[in-house]
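Shown next, in structure tokens, is the structure this report addresses.
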Amino acid sequence: MNKQSIYGLTFDQLTASLAEHGHRKSRALQVWDGLYRKRVTEFSAMTDLKQDCLDTLEAHFVTETLTEHLKQESADGTIKFLFKLHDGNLIETVLMRHKYGLSVCVTTQVGCNIGCSFCASGLLAKSRDLTSAEIVEQIMKVQFHLDRKGENEAVSHIVVMGIGEPFDNFTNMVDFIRVVKDQKGLDIAARHITVSTSGLADKIREFADSDLKVNLAISLHAPTNELRTRIMKINRGIPIEKLMAAIEYYLDKTNRRITLEYILLKDVNDGKEHALQLAELIQHIRQLANVNLIPYNPVDEHSQYQRSERESVRAFYDTLKKQGISCSVRLEHGTDIDAACGQLRSKQIKRSTEDSLVVG
């Protein structure tokens, strides 16, 4: 019998599963507390449980499906983890230190099919979705790392912006959010969780209806269909008009602010004319939108793109501000390691492939 990772269950799902084996709800509370408050890694360490419940857990669940394959640490405190899944696939998870707390960026898919022409994550096509357990376990692995240091630190913020398109793995992503924000467990505040999407319009609407109350970021990156289609393949099927309609639905439904991500590519989308076009595009939603300008991390395989000059970033920022648009420039992390999302994974897979060819 194949055992299931226990991290894949929401509290309600865990309660129902234990009830099927004759255990009352209080047992689910004890298990939940052991997993997420006491953070035990073996069921036998849950000493407040009766043996029959421990036997059920041992028979049906496991607590580890990820192993640490590689770890890179930056001078600024950023740590990039490369985890190996049970099937041998590799994924990235990143711990970032901010003044406001410790943030973890999680991956939702093995590879990505969105096809953004500047992105390291899309260098390798999607092979499968991650389970909700595999996403939750990324947070737990990082928390275990912090626990071992003994400095009483805890993950306080989560960004779902790693490898893959979160809304293309919608159900598992939603279950992950329900687990990590549960007040009986990790209790990550909803306002401290941000999900990023490249613009799956139908899922943006579904996300609005889900009432999760977490933050939404949209990878926009261009102000016109012509330019966005050139750098983001998804725009062919979901043009800016359809995306903006979904964004407007989200804002009307939730009245929550959104972030519009805009990666600055030298001489591609970073001119003053582009800033003015962007300001015009979002002028009607500017009260509930913030533009996050992102300096580009160069990727060897995408040598056609370069980082914008500092003066261009400043001019773009100033132009938006003069048009009444709220905006900010993303603080960079891990620039002395493989900073671009998916870069470490793609390098490791490429290296393994080359090594095997040499051996062969």
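The values are calculated or read from the model by the stated rules, or taken from the named source; none is laboratory data. Worth saying up front: this structure is predicted, and the values here are computed from it rather than measured. Glycine gets a Cβ as well: all are built from the backbone with ideal geometry, and neighbour counts include every protein chain shown. All accessible areas refer to the heavy atoms of the entire protein, side chains included, with ligands and DNA or RNA removed. Shrake-Rupley method; radii C 1.70, N 1.55, O 1.52, S 1.80 Å.
Going down the list Lys71/Lys203; Lys203/Lys322; Lys99/Lys184; Lys80/Lys126, which pairs span over 30 Å between their C-alpha atoms? Walk me through the numbers on the way to the answer.
Details: Lys71/Lys203 33 Å; Lys203/Lys322 33 Å; Lys99/Lys184 26 Å; Lys80/Lys126 21 Å.
Violating the 30 Å limit, Cα to Cα: Lys71/Lys203; Lys203/Lys322.
Quick one: if the Förster radius is 30 Å, what FRET efficiency do Gln183 and Arg257 give, using the C-beta to C-beta distance and rounding to 0.05?
Plugging the Cβ-Cβ distance into 1/(1 + (r/R0)^6) gives 0.80.
Any idea what the alpha-carbon Rg over 2.2 N^0.38 Å comes to for the chain?
Computed over Cα atoms of the chain, the ratio equals 1.04.
Tell me, what % of the accessible area of the chain is carbon and sulfur with a 1.4 angstrom probe?
47 percent
Measuring from the lowest to the highest alpha carbon on each principal axis, how far does the range 119-184 reach, largest first, in angstroms?
Answer, in whole Å and largest first: 39, 26, 16 Å.
What relative contact order, as a whole-number percentage, does the chain give when Cα pairs under 8 Å and 6 or more residues apart are counted?
15 percent
How big is the antiparallel share of DSSP beta bridges in the chain, given as a percent to the nearest 5?
Within the chain, antiparallel bridges account for around 45 percent of the total.
Could you bin all the Cα-Cα distances of the range 235-291 into 10 Å bins starting at 0 and give me the percent of pairs in each, rounded to whole numbers?
20, 50, 27, 3
Please calculate how many Å² of accessible area the range 247-318 carries per residue, with a 1.4 Å probe and no DNA, RNA or ligand atoms counted.
52 Å²
Rounded to the nearest 500, what is the 222 nm mean residue ellipticity of the chain from helices alone, with -39500 (n - 2.57) per DSSP H run of 4+ residues and division by all residues?
-11500 deg cm²/dmol
Return one number: the angle in degrees, 0 to 90 and rounded to the nearest 10, between the long axis of the Cα atoms of helix 132-149 and the longest principal axis of the Cα atoms of the chain.
With rounding to tens, the tilt is 80 degrees.
Mind pulling the angle between the C-alpha long axis of helix 11-20 and the longest principal axis of the chain? Nearest 10 degrees, somewhere in 0 to 90.
For helix 11-20, the angle is close to 30 degrees.
Excluding ligands, DNA and RNA, what is the solvent-accessible area per residue of the range 26-89 at a probe of 1.4 Å, expressed in Å²?
Ligands and nucleic acids excluded, the result is 48 Å² per residue.
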